[in-house]
């Protein structure tokens, strides 16, 4: 049955290849992005929840 | 830059947490009631409103959407404000969200026991409530995104990513799965039929677990675990990879709920492959959580909050390894439709969701009331009661599932089924069902202890409705101090981020659904498969109302053990008029796909009146109300009309004469009953139910007979 279904869509074989390529590239970019990320920035991000919530919350935005 | 003073809204968090505890108690009590009914059926008090088929969806909805849902909202409203250093976008929207959600829960609590259900698992609520859910969900989304847009912290912490993905994906899932055509205010038919309905439903069902029970909880883990352990997450880089790979892969795995069914093979294989791939991001996330505690394990011994979190993450890691294993076809062949699956979901619900919610409550309540926890000892007792509860729940269910499955499949030396009577396999596992109820009671006892502890804590402190905080506003011009633009592009652009998450989750859904929707013209048609007669249609709707699908499947898988027991395996072409599909996911009783013609009308009559009298030891409840209530003939035309609109080929104007056919078929059934000495009015609901049950599998049998020369 699946043969019937798939044959009725034009160029079905390219669909999975295209999705695979898109996401493979996406993950490559993601990995590159993560592994070349600025250490200071990553450290700031990971410490976000620990900045005290209340009165003494000191902004750690580097642009400030 | 000058600091701005503002206030965090704790009042809304408090409201959601009160609702969490109240609905947790209710949901678990209903669950315990259902569990007891599975070995002591009379525990439904012979009332239709409390019968198993109706309270099982009440239990699942109460736990998922009321207990877990309120807990998610409470945690999001608490952490989002603090991570973004701003109050929620709009107090009004917050309260519309809160009361809207509680009204939906109330509507569910009323309609499900009344039997208003679509029968689609975790999406049982009827169409007006579906619309209300959509509206309230959008309110939540606007409030969350509005808050993000007026943040004082430039970058979105990873927890917020998980919250955003939750919002986007649940919206898509809910809308796509809820397409239905209304017949009355509380009755609708699923837009999709048979195989397509099954695929959409389990794409929804699977991802409801993913994006309601998992992603918001991972967000909570990434916020509350560093808080409770007082150290940053083990690897923030890993959390980024965790997020993207999890949301992308999760969405593809839905078809693993339909292995060996009539769903096309390619879709089944896709489900299996992506389920196996899912182990990587899931374990990546779990390890990231556990490794956060490196160097702080001594504190786990002291702090009940950390204890709960550690067991929660451990339960999560076990459940997310078990899930992919269950998606392997050879494992699925033994475990599907059995109590094993019940154990699997409860490991997730009791361990991962329940324990993480407890940790969050124990951590947050003393802080919001500016005090310390009333009794640490009591929290520790709760921890042990809960842990034992999970063990006593899950272990018996694993044994029960495996035992029953092996009994179903056992052949003797002559090639016959050893346990030909399904009931033998049910009776064998009843002691394990009793143990499960004990496990559930332990867990519930712990929950009650927590409730007392938290109330005492609140009374000892003073509630801070508006918590003062200070932070600098965001600079208009953003100047990066180091690195390039690309390091910050996602954390800095919430809308772009939301759109990207949407794209990631849409691709999997589209690739699975487009070909399956195109099947419509390609399903090998079975010429003998005809639409249901009006009487059978009414019977089917009563079958749906009573939640029969909660215990009986209509899907004979292509195994010899099943074809021997039930008859020919199920084909996709058989379900083309099934709005909704009723394949089911659990066999507490036997499969019914081929039950038509197997027993006499009077057998069904007596069996539904007193199952135990016909099959000694049966745990099926009796359905006395079917013998008193009458078929609503006024709805026939509307039902035929609605179904024709979505493609069921009833002749034009058939609705005008449908009731005549109905009465004719009913008269045939009552006269056959009369021949067996049973007098029943021909408009009693039981007549419609018998008509439906006798129809099941008949088309295929007719096809076979036609083939005979």
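The values are calculated or read from the model by the stated rules, or taken from the named source; none is laboratory data. This is a predicted model, so every value here is computed, not measured. Cβ coordinates were reconstructed from backbone atoms using ideal geometry, including for glycine residues, and neighbour counts include every protein chain displayed.
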(message) If I ask for residues that are surrounded by fewer than 19 Cβ atoms within 10 Å (Cβ to Cβ) and closer than 21 Å to residue B:284 by Cβ, which ones from segment B:294-309 would you list?
(response) B:294, B:295, B:296, B:297
(message) Suppose we filter segment A:36-53 for residues that are more than 7 Å from chain B (Cβ to nearest Cβ) and free of Cβ contacts under 8 Å to residues at least 12 places away in the same chain; how many remain?
(response) 5
(message) Checking residue B:294 against (1) under 21 Å from residue B:402 (Cα atoms); (2) in a loop (DSSP other than H, G, I, E, B), only one condition comes out false. Which one?
(response) (1)
(message) Can you confirm whether residue B:516 is within 25 Å of the chain's Cα centre (by Cα) and modelled with pLDDT under 75?
(response) yes
(request) Report, by residue number, each residue of segment B:252-269 that is touching a helix residue (DSSP H, G or I) at 6+ places or on another chain (Cβ under 6 Å) and part of a helix (DSSP H, G or I). (result) B:254, B:255, B:256, B:257, B:258, B:265, B:266, B:267, B:268
(message) Going by what's in this entry, would residue B:670 be described as in contact with a strand residue (DSSP E or B) (Cβ under 7 Å, 6 or more places away or on another chain), surrounded by 12 or more Cβ atoms within 10 Å (Cβ to Cβ), more than 30 Å from residue B:35 (Cβ to Cβ) and modelled with pLDDT of 95 or more?
(response) no
(request) Determine whether segment B:40-52 contains at least one residue that is more than 14 Å from chain A (Cβ to nearest Cβ), closer than 28 Å to residue B:465 by Cα, out of contact with any strand residue (DSSP E or B) (no Cβ under 9 Å at 6 or more places or on another chain) and touching a residue at least 12 places away in the same chain (Cβ under 8 Å). (result) no
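Those residues that are in contact with a helix residue (DSSP H, G or I) (Cβ under 7 Å, 6 or more places away or on another chain) and either surrounded by fewer than 16 Cβ atoms within 10 Å (Cβ to Cβ) or in the same structural domain as residue B:421 (by TED's automatic domain parsing) (or both), I need them from segment B:614-624; list them, please. I'd like the intermediate steps shown before the answer.
Of all residues in segment B:614-624, those in contact with a helix residue (DSSP H, G or I) (Cβ under 7 Å, 6 or more places away or on another chain) come to B:614-615, B:617-624.
B:617, B:624 - these are the residues of segment B:614-624 that are in contact with a helix residue (DSSP H, G or I) (Cβ under 7 Å, 6 or more places away or on another chain) and either surrounded by fewer than 16 Cβ atoms within 10 Å (Cβ to Cβ) or in the same structural domain as residue B:421 (by TED's automatic domain parsing) (or both).
Here is a list: B:137, B:202, B:127. Which entry is surrounded by fewer than 23 Cβ atoms within 10 Å (Cβ to Cβ), closer than 25 Å to residue B:52 by Cα and in the same structural domain as residue B:499 (by TED's automatic domain parsing)? Give the derivation first.
Values: B:137 fails: closer than 25 Å to residue B:52 by Cα; B:202 fails: surrounded by fewer than 23 Cβ atoms within 10 Å (Cβ to Cβ).
Every option except B:127 fails the conditions.
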(message) For segment B:237-259, give me the residue count where each residue is over 23 Å from residue B:169 (Cα atoms) and in contact (Cβ under 8 Å) with a residue 24 or more places away in the chain.
(response) 1
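Does residue B:233 count as surrounded by fewer than 22 Cβ atoms within 10 Å (Cβ to Cβ), over 16 Å from residue B:119 (Cβ atoms) and in the same structural domain as residue B:283 (by TED's automatic domain parsing)?
On the way: surrounded by fewer than 22 Cβ atoms within 10 Å (Cβ to Cβ): no; over 16 Å from residue B:119 (Cβ atoms): yes; in the same structural domain as residue B:283 (by TED's automatic domain parsing): yes.
No, not satisfied.
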(message) I need a count of the residues in segment B:569-602 that are part of a helix (DSSP H, G or I) and farther than 15 Å from residue B:198 by Cβ.
(response) 2
(message) Tell me the residue from B:269, B:262, B:317 that is more than 24 Å from residue B:233 (Cα to Cα) and crowded, with 18+ Cβ neighbours inside 10 Å, please.
(response) B:262
(request) Confirm whether residue B:425 is surrounded by 15 or more Cβ atoms within 10 Å (Cβ to Cβ), under 30 Å from residue B:387 (Cβ atoms) and touching a helix residue (DSSP H, G or I) at 6+ places or on another chain (Cβ under 8 Å). (result) no
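Of the residues that sit in segment B:1-25 and are out of contact with any strand residue (DSSP E or B) (no Cβ under 8 Å at 6 or more places or on another chain) and surrounded by fewer than 18 Cβ atoms within 10 Å (Cβ to Cβ), which one is farthest from the other protein chains (Cβ to nearest Cβ)? Walk me through how you get there before you give the answer.
Filtering segment B:1-25 down to residues out of contact with any strand residue (DSSP E or B) (no Cβ under 8 Å at 6 or more places or on another chain) leaves B:1-2, B:12-25.
Right, trim to surrounded by fewer than 18 Cβ atoms within 10 Å (Cβ to Cβ) and you get B:1-2, B:18, B:22, B:25.
Working: B:1: 5, B:2: 11, B:18: 21, B:22: 26, B:25: 29 Å.
Among residues in segment B:1-25 that are out of contact with any strand residue (DSSP E or B) (no Cβ under 8 Å at 6 or more places or on another chain) and surrounded by fewer than 18 Cβ atoms within 10 Å (Cβ to Cβ), the one farthest from the other protein chains (Cβ to nearest Cβ) is B:25.
Out of the helices (runs of 4 or more DSSP H) lying entirely within segment B:298-364, which hold 1 or more residues that are without any contact (Cβ under 8 Å) to a residue 24 or more places away in the chain and farther than 19 Å from residue B:442 by Cβ? First the steps, then the outcome.
Values: elements: B:304-326, B:329-335, B:339-346.
Ranges flagged: B:304-326, B:329-335.
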(request) List the number of the failed condition for residue B:106; all other conditions in (1) closer than 26 Å to residue B:348 by Cα; (2) touching a residue at least 60 places away in the same chain (Cβ under 8 Å) hold. (result) (2)
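In this structure, is residue B:615 at pLDDT below 95 and within 25 Å of residue B:56 (Cα to Cα)? Lay out the reasoning, then the answer.
Working: at pLDDT below 95: yes; within 25 Å of residue B:56 (Cα to Cα): yes.
Spelling it out, residue B:615 is indeed at pLDDT below 95 and within 25 Å of residue B:56 (Cα to Cα).
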(message) within 27 Å of the chain's Cα centre (by Cα), within 14 Å of chain A (Cβ to nearest Cβ) and under 28 Å from residue B:330 (Cα atoms): is that true of residue B:581 in this structure?
(response) no
(request) Kindly indicate whether residue B:305 is more than 13 Å from chain A (Cβ to nearest Cβ) and either modelled with pLDDT under 95 or touching a helix residue (DSSP H, G or I) at 6+ places or on another chain (Cβ under 7 Å) (or both). (result) yes
